[in-house]
Structures are given as C-alpha cells and as structure tokens.
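Student: Can you keep this structure in mind? I'll have questions shortly.
The values are calculated or read from the model by the stated rules, or taken from the named source; none is laboratory data. All values derive from a computational prediction rather than experimental measurement. Here the Cβ positions follow ideal geometry from the backbone for every residue, glycine too, while neighbour counts run over all protein chains shown. Note: accessible area is taken over every heavy atom of the protein model, side chains too, but ligands, DNA and RNA are not part of it. Shrake-Rupley method; radii C 1.70, N 1.55, O 1.52, S 1.80 Å.
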Amino acid sequence: MLIIRFSAIGDVAMTVPVVYSLACQYPSLRISVLSKPFARPLFEYMPANVDFMEADIKREYRGIKGLNALYRRLVAKNLTAIADFHDILRSNYLRLRFNLDQFKVAHINKHRSGRRRLTDQNHKVMAQQPTSFQNYADVLARLGYPVKLEFTSLFSPEGGNLAELPTAIGIRKPGEEWIGIAPFAGHKGKIYPEAQMEAVIRLLLKRHPHCRIFLFGGKGHEMDVINEWSKAHSQCVNASAMLNGIHDELILMSHLDAMLSMDSANMHLASLVATPVVSVWGATHPYAGFLGWNQDPANVVQIDMPCRPCSAYGKKPCHRGDYACINNITPTMIVDKLDRVLNNKKGVTSRQ
C-alpha cells in the first residue's frame with residue numbers, strides 16, 4: 001500500500017498514529033509513506049512493515065514531467081492500493097494515473113462544508129468536525145483496511161534515548177520539572193503576543209522555581225526572540241539551537257513533563273511521544289479537527305467569541321482588526337492550565 005501526504009510537518013505528523021495502527025494490525029501488509037524529505041524522522045520508529053519514500057515535488061519532481069517520473073518510480077514498487085491522505089493538485093494527478101491503470105485508490109474527505117459552517121461569520125454552526133485522524137482512517141477503510149486507532153507513542157514509556165542528544169541538554173536534576181514552550185505558529189491569528197508569552201515564562205518560573213524551560217522556534221526573528229528569553233532567564237534553554245532537527249526534538253519532547261504550544265506543528269510532535277500539551281488557540285478552534293493526538297481538551301486555552309473561529313487554518317486576517325481572540329488570553333489562564341498538567345503528572349509519578 002502507498003500512503004500519500006505532502007504538506008507541512010504538522011499535517012504529516014497527524015498521519016503517524018494512523019499509519020502506526022495500520023502497520024500493527026496488518027503486519028503482512030507492506031506500507032510505503034510518500035512525503036517530503038523533512039518528514040523522514042517521523043517514520044523512523046515505525047513497525048518493520050513501514051518504509052518511507054521522500055519526494056521533493058518542488059524540485060526533483062516538479063511539474064507534469066516530474067510527476068510522471070515519480071509515478072514510474074511508484075509503479076515499480078508493485079503496489080496493491082493507493083491511499084491519498086492529501087487530495088491536492090499533485091496527489092490528484094498521481095491518483096488519476098493510478099486510476100487509469102486500474103489500481104485500487106481512495107482519497108480523503110476533508111469535510112470542507114462543515115468547516116465552512118464552523119468559520120462562517122453570519123451563520124456559524126459550532127459543531128465538532130471529524131478529526132484528521134478519523135479522516136485518514138476512513139480512507140483506509142474504503143480500501144478494505146478498517147483500522148482501530150490504538151497508537152500511544154513512538155517511544156517506550158521511558159521516552160527516547162537522551163544519550164543521543166547533545167551534552168548541552170544535560171541531565172534532569174532530582175525534583176526538576178522539564179517544560180517545553182513553542183511560542184510560534186505559521187499565522188498571526190495563532191501566535192500569542194511575545195510580551196505576554198514572556199510574562200507566562202516569568203509566572204511559570206515563580207510558581208515552579210525548580211523547573212527548566214526548553215524553548216522551540218525556527219529561524220530569523222523566532223530565534224532572536226528565544227535567544228533573548230534564554231539570556232534574560234537562566235532556567236530557559238534555546239533547545240532548537242542545540243538540537244539536530246526533528247529526530248532530536250522528538251527525543252527531548254518525550255522527556256518533558258508538559259509542553260506549551262500554539263495550534264502548530266510542535267503540538268503534534270509532542271503528541272506523538274505522549275507528552276501532555278497545553279495548547280493556545282486564537283483564530284482557529286479544536287472543533288475543526290486538528291487537536292493533537294490523544295490530547296485532553298481540558299488543556300486547551302481559548303476564549304469564546306462570536307466571530308471565533310474565523311478560519312480553519314488561521315490564514316485569514318482578523319475581522320475585528322485587533323486579534324482579541326488570542327490577545328485577550330491572559331498569562332494566568334495559560335499557567336493555570338500548566339499547573340493542572342504538572343500537578344497531575346506529579347500525582348501519577350507518586351503513585352508509581
């Protein structure tokens with residue numbers, strides 16, 4: 001079977017629980033996952049019947065000529081079924097080729113009409129939409145492979161091997177709480193203001209004086225901001241500057257007591273290693289179906305507004321112009337949620 005999903009890292013990460021469950025429940029089925037090169041680390045810890053195929057669709061396989069070359073490469077694998085988890089122009093073309101050659105093919109239903117009603121500003125219908133995980137599972141069921149989603153984590157309960165990480169990460173001290181903070185996202189309506197996020201850090205350090213905070217961010221401005229916070233607060237560490245990509249991030253996240261994230265890829269990465277996430281939502285809403293795998297809705301931070309959500313993905317500009325949906329969330333609201341997660345974690349640990 002071939003599973004196709006390109007797109008951003010968070011979208012690909014949401015395929016992992018489904019692919020992992022499929023592989024475990026159909027051990028004789030050979031599964032190939034086709035995605036962009038950056039996604040390879042997400043599939044390193046899969047069962048033995050899963051392999052990863054990378055395709056740079058913007059360079060090596062660009063345009064119709066490139067897609068035809070990619071199709072020839074895929075056909076050579078003697079595939080039995082094609083699961084299109086993406087349903088975009090490129091995957092549609094590949095799907096067309098497979099259909100013409102009479103392969104068994106199915107594609108995702110993204111339930112766009114339900115999401116349009118959810119984000120409509122005049123006739124909004126606040127109803128939970130099917131999750132991405134369920135949408136992926138539905139594709140497999142149509143191909144004759146119904147799957148029960150039973151994924152827990154890419155790692156054992158002890159977490160990934162910290163010895164694989166740079167020595168600068170260090171060793172957890174007795175009684176020390178490890179907390180991750182990923183303060184950025186791809187769109188303004190999903191990003192908590194920087195000044196307020198630093199206030200979160202200060203309040204968190206006040207309430208948890210023995211914690212260590214690992215900051216995750218990208219290049220440019222994001223790196224500048226987390227560097228400033230790391231210099232200003234001795235217990236903050238710029239984890240992204242120390243780690244070597246997604247592989248290392250997954251290992252470190254598996255050892256965190258809690259993760260604070262926006263509606264972004266880091267929420268999904270932490271979810272893949274069974275780390276509880278406090279997620280902050282502004283223009284978007286969990287009802288669109290993108291909450292992290294197995295995450296507790298009680299750990300979502302959001303405020304109710306008649307215009308919210310205005311977008312399923314957070315791309316649209318604010319109707320009001322002030323982004324009140326994200327700006328009016330207080331640091332105390334966020335830290336209270338983190339307290340809940342950390343206290344629950346301590347309770348579990350003390351009972352073991």
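Student: In square angstrom, rounded to the nearest 10, how much accessible surface does Thr15 have for a 1.4 Å probe?
Tutor: 0
Student: Continuing with this model, one more query. Just round it to a whole percent: the fraction of Cα-Cα distances in region 93-149 exceeding 19 Å.
Tutor: Details: 758 of 1596 pairs.
In whole percent, the share of Cα-Cα pairs in region 93-149 beyond 19 Å is 47.
Student: Please list, in order along region 93-103, the HN-Hα scalar couplings obtained from phi with the Karplus expression 6.51 cos²θ - 1.76 cosθ + 1.60 (θ = phi - 60°), rounded to whole Hz, x for Gly and Pro.
Tutor: 5, 4, 5, 4, 4, 5, 5, 4, 8, 6, 7
Student: How big is the chain along each principal axis, measuring the range of its Cα positions in Å and listing the largest first?
Tutor: Result for the chain: principal-axis Cα extents of 63, 53, 40 Å.
Student: Per-residue HN-Hα couplings for region 256-262, Karplus 6.51 cos²θ - 1.76 cosθ + 1.60 at θ = phi - 60°, whole Hz, x for Gly and Pro?
Tutor: Running phi through 6.51 cos²θ - 1.76 cosθ + 1.60 with θ = phi - 60° gives 7, 7, 7, 10, 10, 9, 7 Hz.
Student: Return the distance in nm (one decimal) between the two label points of a simple spin-label model at His123 and Ala199, each offset 7 Å from Cα along Cα→Cβ.
Tutor: 4.0
Student: Over the Cα atoms of region 191-328, each weighted equally, I'd like the Debye log10 I(q)/I(0) at q = 0.09, 0.21 Å⁻¹, rounded to two decimals.
Tutor: One equal scatterer on each Cα of region 191-328 leads to -0.28, -1.44.
Student: Using unit Cβ charges (K, R positive; D, E negative) and no other charged atoms, how large, in debye to the nearest 20, is the dipole of the chain about its Cα centre? All intermediate terms of the calculation are to be shown ahead of the outcome.
Tutor: Details: 42 positive and 30 negative charges, 215 e Å.
With Lys and Arg at +1 and Asp and Glu at -1, about 1040 debye.
Student: Separate question: In region 149-271, if the dipole is taken from +1 on Lys/Arg beta carbons and -1 on Asp/Glu beta carbons about the Cα centre, which of Ile246, Ile201, Asn266 is farthest to the positive end?
Tutor: The listed residue farthest towards the positive side: Ile201.
Student: Another question, then. Would you mind getting the Kirkwood hydrodynamic radius of region 104-215 from its Cα pairs, rounded to one decimal in Å? Don't skip to the end; give the middle numbers.
Tutor: Details: mean 1/r = 0.0522 Å⁻¹.
19.2 Å is the Kirkwood radius here.
Student: List the residues whose amide H sits under 5 Å from the amide H of Met53, counting only those 5 or more places along or on another chain, with H placed 1.01 Å from N in the peptide plane.
Tutor: For Met53, the qualifying residues are Val33, Leu34, Ser35.
Student: Sticking with this structure for a sec: Expressed as a whole number of Å, what is the distance separating the alpha-carbon centroids of region 222-265 and region 60-121?
Tutor: 35
Student: Something else about it: Could you tell me the ratio Rg/Rh of region 1-153? Both radii from Cα atoms, Rh via Kirkwood.
Tutor: My calculation of the ratio gives 0.98.
Student: Next up: Along the charge dipole of region 1-110, Cβ charges K/R +1 and D/E -1, which of Asn99, Leu2, Pro27 sits furthest on the positive end?
Tutor: So the residue furthest toward the plus end is Asn99.
Student: For region 146-163, in order, what is each residue's ³J(HN,Hα) by Karplus, 6.51 cos²θ - 1.76 cosθ + 1.60 with θ = phi - 60°, in whole Hz (x at glycine and Pro)?
Tutor: So the J values, rounded to whole Hz, are x, 9, 9, 7, 10, 5, 10, 7, 6, 10, 5, x, 7, x, x, 7, 4, 5.
Student: P(r) for region 164-223: what percent of alpha-carbon pairs falls in each 10 Å bin, starting at zero?
Tutor: For region 164-223, the binned pair fractions read 18, 45, 30, 7 percent.
Student: If amide hydrogens are placed 1.01 Å from N in the peptide plane, which non-local residues have theirs closer than 5 Å to the one on Ala81?
Tutor: Here Leu2 satisfy the definition.
Student: Report the charge-dipole magnitude of region 41-165 in Debye, nearest 20, computed about the Cα centre from +1 at each Lys and Arg Cβ and -1 at each Asp and Glu Cβ. Kindly include the intermediate steps, with their values, before the conclusion.
Tutor: Numbers: 19 positive and 13 negative charges, 183 e Å.
My answer is approximately 880 debye.
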